[in-house]
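Colleague: Sharing a structure with you now.
The values are calculated or read from the model by the stated rules, or taken from the named source; none is laboratory data. As the structure is a prediction and not an experimental result, all values here were calculated from the model. Backbone-built Cβ (ideal geometry, glycine too); neighbour counts: all protein chains shown. Protein only, heavy atoms only, side chains kept; ligands, DNA and RNA dropped before computing areas. Shrake-Rupley method; radii C 1.70, N 1.55, O 1.52, S 1.80 Å.
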Amino acid sequence: MKVLFAFSEVSPFASTGGLAEIAGSLPQALINRPEAGGSVEVARIMPLYRQTAEGGYDLKETGLRLEVPVGLRMLTGEVYVAEAP
């Protein structure tokens with residue numbers, strides 16, 4: 001099974017409250033469930049905030065671009081990946 005979590009913040013990349021801690025630990029808890037048997041792949045996504053981009057994390061460009069409709073406009077976003085320290 002593949003699971004994608006979308007959070008507004010993920011510890012340690014961006015943290016203003018308890019949500020970041022949940023986002024940091026919940027996916028790992030899902031992977032470690034005995035009944036999952038190692039068959040769960042988990043990824044997390046969040047916005048790339050300036051503090052994260054400038055925070056010294058090893059961000060890698062994927063070359064992926066997303067177009068997202070916002071009202072009457074289409075905004076383009078880029079996808080980066082990083083391993084949680």
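Colleague: Work out which GluC sites (Glu not before Pro) in the chain are exposed loop sites (DSSP not H, G, I, E or B, at most 15 other Cβ within 10 Å) and give the longest gap free of them. Don't jump to the answer; show the numbers that get you there.
Modeller: On the way: sites that count: Glu54, Glu83.
After excluding every exposed loop site, the longest remaining stretch is 1-53.
Colleague: Something else about it: Could you state the orientation-averaged shadow area of the convex hull built on the Cα atoms of the range 36-85, in nm² to one decimal?
Modeller: 5.4
Colleague: Quick one: Debye curve from the C-alpha atoms of the chain, no solvent, what's log10 I(q)/I(0) at q = 0.15, 0.25 Å⁻¹?
Modeller: -0.66, -1.27
Colleague: Could I ask something else about it? Can you give the extra length, in nm with one decimal, that the chain gains between Arg50 and Glu21 once fully stretched, where that is 0.36 nm per residue apart less the Cα-Cα distance?
Modeller: Extra length available between Arg50 and Glu21 comes to 8.5 nm.
Colleague: Roll a 1.4 Å probe over the protein heavy atoms and report the accessible area of Ile22 in Å², nearest 10.
Modeller: Rounded to the nearest 10, the figure is 90 Å².
Colleague: Can you tell me the dipole magnitude for the chain around its Cα centre, using point charges on the Cβ only (Lys, Arg +1; Asp, Glu -1), in Debye to the nearest 20?
Modeller: Taking the Cα centre of the chain as origin, the dipole is about 200 debye.
Colleague: Considering only DSSP beta bridges whose two residues both sit in the chain, what percent are antiparallel, to the nearest 5?
Modeller: 60
Colleague: Quick check: residue separation of Val79 and Tyr57 times 0.36 nm, minus the Cα distance between them. What number comes out in nm? Mind showing how you got there, number by number?
Modeller: Details: separation 22, 0.36 × 22 = 7.92 nm, distance 1.46 nm.
Contour length minus the Cα-Cα distance gives 6.5 nm.
Colleague: Taking 22 Å as R0, compute the FRET efficiency from the Cβ-Cβ separation of Ala43 and Leu72 and round it to 0.05.
Modeller: The pair Ala43/Leu72 has a calculated efficiency of 0.10.
Colleague: Could you tell me the relative contact order of the chain? Use alpha-carbon pairs under 8 Å, at least six residues apart, and round to a whole percent.
Modeller: 27
Colleague: What are the ³J(HN,Hα) couplings of the range 5-22, residue after residue, when phi is run through the Karplus curve with 6.51, -1.76, 1.60 and θ = phi - 60°? Round to Hz, x for glycine and proline.
Modeller: Each residue's phi maps through the Karplus curve to give 9, 10, 10, 7, 7, 9, 6, x, 5, 8, 8, 10, x, x, 4, 4, 5, 4 Hz.
Colleague: Using amide H atoms built in the peptide plane, which far-off residues or other-chain residues are under 5 Å from Phe5 H to H?
Modeller: So Phe5 has HN proximity to Ala43, Arg44, Ile45.
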